[in-house]
Structure formats: structure tokens, C-alpha cells
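One structure below.
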Amino acid sequence: MENAGQVNAMAEAITVSQLNRRVKKLLEDGIARLWVEGEISNIARPASGHLYFSLKDSSAQIRAAFFRQRQRGPTIGLHDGDQVLAFGRVSLYEPRGDYQLIVEQIEPAGEGALKRQFEVLKKKLAAEGLFDEGNKRPLPALPTRIGVITSPSGAAIRDIISVLGRRFPSIPVVVYPAAVQGDAGPGELMAALATAVRRGECDVLIMGRGGGSLEDLWAFNDEKLARAMADCPIPIISAVGHEVDFTISDFIADVRAPTPSGAAELVVPDRDDWLRAINSLATRVARLGERAIEDRGQTLDWLSRRLLQASPQQTLFRQHERLREIRRRLAGAIRERFLRQGPRLEHLRQRLGSSMQMTVSGCGHRLALAARGLNSVSPLATLDRGYAIVEDADTGKVLMRGSDTAPGDDIRARLAHGALLATVQSIEDRDD
């Protein structure tokens, strides 16, 4: 029985290669890709271009392989003693049975951790919609007062004030001082932002600082600060670092400026451009005004001519001229006929002359009657009978009732010949 057990055990045995293969599969399937922080030691650079080293901490170490085809960026700067973050998968080198980390990406430990925190927060806030363009508030075309949240002793405030003074010096600037780096930075930036909102004296804010390392700019990657900026009712321009630097504040702000100087150029127009635009607009308005006056003048001249042509005097004059022309033509026709007929028509001429005189006399009589009738309704004839047309001396409005004026008003009375200027002493209310 004992020998049979030994035979069964030998039948179930596997090779070392099979064992290592099973272990490798368990490691690769059981442990997902992950970041490992440690110190580089025993680094080797064979001609193949691969990197082999150990990652260790105070109490353990693991072998690591960083194959050439996975390497991105400079790796020659890696040395023993460097503290790094290595991303990869756990595996087993079967020929030797060595447990190792197959590295896919490597970064310096401090900055790499900050970058990961940055990316995590960025994705979180983006998923909440805090970066959406629909939430961005427009900047005022010409702000009445500009607020700047930054260090009062930094280069950023000097650059901003210099550019604002050059472009539009008449706009006042309010500085809300705050630390822009270090542990105190986020809290002071939020406090300065709250002060600006509470005082409500500015209609646009610039928040930022000059350039620096990722650690120097880290205050602007604070989640609480980002949410405070999103809730701020005043439009914010983020101006952190240089053009290549990006912070969470840049994504959450209404406008991102590449530098503090760039923010100053964005927040106000160029004064000279505005003056040129205003002068051009004033010239256009003046030309339009002159053209309108000319058009109104032509219309007034045309109406004046029409009014003159339609006046009773002109109508009577045209009828009189027409009657004279008819009389002349009639006389000429009669004379011509008389000359053709000779003596035999002398008697007819005399009768025709008498008839013509009667006709002309009748027409003249009717014309005189028409003239008297026309004259009777003429305002000038009314004035000849002793009446007057009373007008307001200032407006020219004809006064029909005593209530149309008041004691002390100046009036003008048009007579048949001349006019009188007078001042109203009293008013008698009469309706008859």
C-alpha cells in the first residue's frame, strides 16, 4: 500500500517549468496593473536597450524590467537611488523563477503622484459638468472695476497693473491679497474670492500668479477652490503660470489666459482702438445728420412750391391770364374773318363787335363778382375789416380761445398792415 501511494504521488508530479508557468499565470491573472513606488537600485543597461533594476523600500525589494519598446521619453537620466513611480504588471521570469515587475511607464515619485491627483480631480469635476462651456459667463465689454486675486508682492500683479495702465488706465483695480503657493494657498485664495463676492465692487476678477513648478502651482488645483470658483457670480479669468502650464482653475474659470499679462489684455480693450472707433462713429452720425437735414430741406422746398401754386391769388392770376389769351385769340379770329369778307360783312362786323363787347363785359362782370367773392373769404380781406390774427409769440400757434394763453404770455397780433407785440394782462372767459 505504501509503494502504491508513492507511485500515485510520482504520477501527479509536474516539472519546474510547469510550476513556474502556473505561478506566472496566477500572478498575471490575479494582480491587475498597478503603480509601485520605490527606490531604484542595481540598474543595468545592456546593448538591447532594455533596463533592468530593482525597486526597493526599507524592508523589501522586487526585480523590474523596462523593455525598450515600452520606453517613452528620456530614460538615461535614471540612476541608482532615484525615487520613482513604476506602472506595470506583476509576472515571473520562468527560466530562473524570478518574481518581477514588467514596467510600462515610469515617473519621478513626487511629481508623478501630483499629476495623478490632478487627472483624477479633473475627470471628477468634468463628469459633474463644472467645465461645460454652457456654464461660462461672458466678460464685460468694458468693466467698471477689475479685481485681482494674487500675491501683492509677486511679479503677476506688477505685470497686470502695467498692462492695464497702458491699455485703459481709467479703470480702477482692486487687489485682494492671498498666498499663491504652499499649504496656506487654497484657503487664502478662497477667502479672497469670498471677500470679492461679498463686497460686490468688481464686475470681473483675475486670479493667478507667475510661473513655477507643479508643486508651486498646486494651490490652484484644490477641489474646494474649484467649487468656490464655479459658484462665484462674478466672471473669473484664470492666469496661472506660463502658457504651457494648466491647473484645475484654468478649466473651471470662465476664461483662461496664458499669462497674467495676457489676462490684463483680455479684460480691457485697447483705449486707442476705442477712441478710433468712437471718432469713426461720430463722423458717421454727423454725416447721417447732414443728409437728413438736406432731405428735409428739399421736402420743405417742394411743399412750399406746391403751397404757392395752390394759393387763391395764383389761381386767380392763372384764370385771368387764360381769359386774356382767349380774348386775344377771339379778336384775332374775328379780324381775320372780317378782312376776308370785306364790305358785305361790315354790318355783321358791327353786330359781332357789339356782341363781343357784351360778351366781354359779361365775362368781366362775372370775373369781378368771382373776385369779390374770393376776396370776401380771404383772410387778408378779413384783416382789412379791422380783424386781427393773434398768435403765441414764442410758438406761432394761432390762439382761438382765451384759455389758450395766460397772463404774462407774449402774443403777436397780425393786422392788415403790420403786427403788434403785446403781453397778456388778463383773460376774459367768454364762450359767445
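Students often forget the sequence filter, so: which lysines lie under 29 Å Cα-Cα from Lys24 once same-chain residues fewer than 8 apart are removed?
Cross-link targets: Lys56.
Local charge sum around Val255 (other residues, Cβ-Cβ under 15 Å, Lys/Arg +1, Asp/Glu -1)?
Combined, the nearby Lys, Arg, Asp and Glu give -4.
For Val240, list long-range residues whose amide hydrogen, built 1.01 Å from N in the peptide plane, is under 5 Å from its own amide hydrogen.
Those lying under 5 Å, H to H, from Val240 are Arg209, Ala257.
Taking the alpha-carbon distance from Lys123 and a cut-off under 16 Å, which aspartates and glutamates remain once sequence neighbours fewer than 8 residues away in the same chain are dropped?
Partners within reach: Asp132, Glu133, Asp222, Glu223, Asp250.
Relative to the first principal axis of the alpha-carbon coordinates of the chain, what is the inclination of helix 2-12, with its axis defined by its Cα atoms, in degrees from 0 to 90 and to the nearest 10?
Tilt of helix 2-12: around 30 degrees.
Non-local amide H neighbours of His50 (under 5 Å, H modeled in plane, Pro and chain starts lacking H): which ones?
Placed amide hydrogens put Arg68 under 5 Å from His50.
Name the residue from Ile14, Ile106, Leu130 whose Cα lies farthest towards the positive end of the charge dipole of the chain, charges +1 on Cβ of Lys and Arg and -1 on Cβ of Asp and Glu.
Toward the positive end, the furthest listed residue is Leu130.
Convert each backbone phi in the range 216-221 into a coupling constant with the Karplus relation 6.51 cos²θ - 1.76 cosθ + 1.60 (shift: θ = phi - 60°), then list the ³J(HN,Hα) values in order as whole Hz, x for Gly and Pro.
5, 8, 5, 4, 8, 10
Round to the nearest 0.05 the FRET efficiency obtained for Ala277 and Arg145 when R0 = 22 Å and r is the Cβ-Cβ distance.
Between Ala277 and Arg145 the formula returns 0.45.
Here are labelled values, (1) 1.11; (2) 1.55; (3) 1.02, and one is the computed Rg/Rh (Cα atoms, Kirkwood Rh) for what I pasted. Which one?
(2)
Roughly what angle does helix 346-376 make with the longest principal axis of the chain, taking Cα atoms, 0 to 90 degrees, to the nearest 10?
That helix lies at roughly 50 degrees to the long axis.
Under the rule of at least 5 residues apart or a separate chain, name every residue whose amide H is placed under 5 Å from the amide H of Val175.
Amide H to amide H, under 5 Å and 5 or more residues apart or across chains, Val175 pairs with Val148.
If the reach is capped at under 25 angstrom between alpha carbons, list the lysines near Lys124, excluding any in the same chain fewer than eight residues apart.
Counting by Cα, and skipping residues close in sequence, Lys124 has these lysines nearby: Lys115, Lys136, Lys224.
Rounded to the nearest 0.05, what FRET efficiency is calculated for Val398 and Phe317 with R0 set to 22 Å and r the Cβ-Cβ distance?
0.25
If I stretch the segment between Thr299 and Arg72 completely, what's the gain in nm (0.36 nm per residue apart, minus their alpha carbon distance), one decimal?
On the way: separation 227, 0.36 × 227 = 81.72 nm, distance 8.18 nm.
Length gained between Thr299 and Arg72: 73.5 nm.
Near Thr283, within a Cβ-to-Cβ distance under 15 Å, what is the net charge of the other residues, with Lys and Arg +1 and Asp and Glu -1?
So the environment of Thr283 carries a net charge of +3.
Which of the peptides 358-366, 100-108 is most tightly packed, and how do the rest follow, judged by the mean count of other Cβ atoms within 10 Å per residue?
Ranking, from highest mean packing down: 100-108, 358-366.
Helix 271-309 sits at what angle to the longest principal axis of the chain, using alpha carbons and giving 0 to 90 degrees rounded to 10?
Taking the Cα atoms of the chain, the angle to 271-309 is about 20 degrees.
In whole Hz, what ³J(HN,Hα) sequence does the range 207-215 give by Karplus (6.51, -1.76, 1.60; θ = phi - 60°), x for Gly and Pro?
Once θ is set to phi - 60°, the couplings for the range 207-215 become 10, x, 6, x, x, x, 6, 4, 5 Hz.
Take Arg199 and Arg335, extend 7 Å from each Cα along the Cα→Cβ direction, and tell me the distance between the two endpoints in nm.
For Arg199 paired with Arg335, the spin-label model returns 10.5 nm.
Less than 11 Å Cβ to Cβ from His50, Lys/Arg counted +1 and Asp/Glu -1: what total charge do the surrounding residues give?
Taking every Cβ under 11 Å from that of His50, the sum is +3.
Step through the residues of the range 101-106 one at a time and calculate ³J(HN,Hα) from phi using the Karplus curve (6.51 cos²θ - 1.76 cosθ + 1.60, θ = phi - 60°), rounding each to whole Hz and writing x for Gly and Pro.
Result, rounded to whole Hz: 10, 8, 7, 10, 7, 9.
Using a simple spin-label model with points 7 Å from Cα along the Cα→Cβ vector, what separation in nm is obtained for Ala126 and Glu290?
5.9
What distance in nm separates the two pseudo spin-label positions at Leu19 and Ser361, each 7 Å out from Cα along the beta-carbon direction?
If labels sit at Leu19 and Ser361, their model points lie 16.3 nm apart.
Quick check on the range 2-108: what are the equivalent-ellipsoid semi-axes from the Cα gyration tensor, as sqrt(5λ), descending, whole Å?
35, 14, 13
Laboratory data are not the source of any read-out in this text; all were calculated from the coordinates shown. Being a predicted model, the structure only gives us computed values, none of them experimental. When we count neighbours, we look across all protein chains shown, and the Cβ atoms used for this are built from the backbone with ideal geometry, even at glycine.
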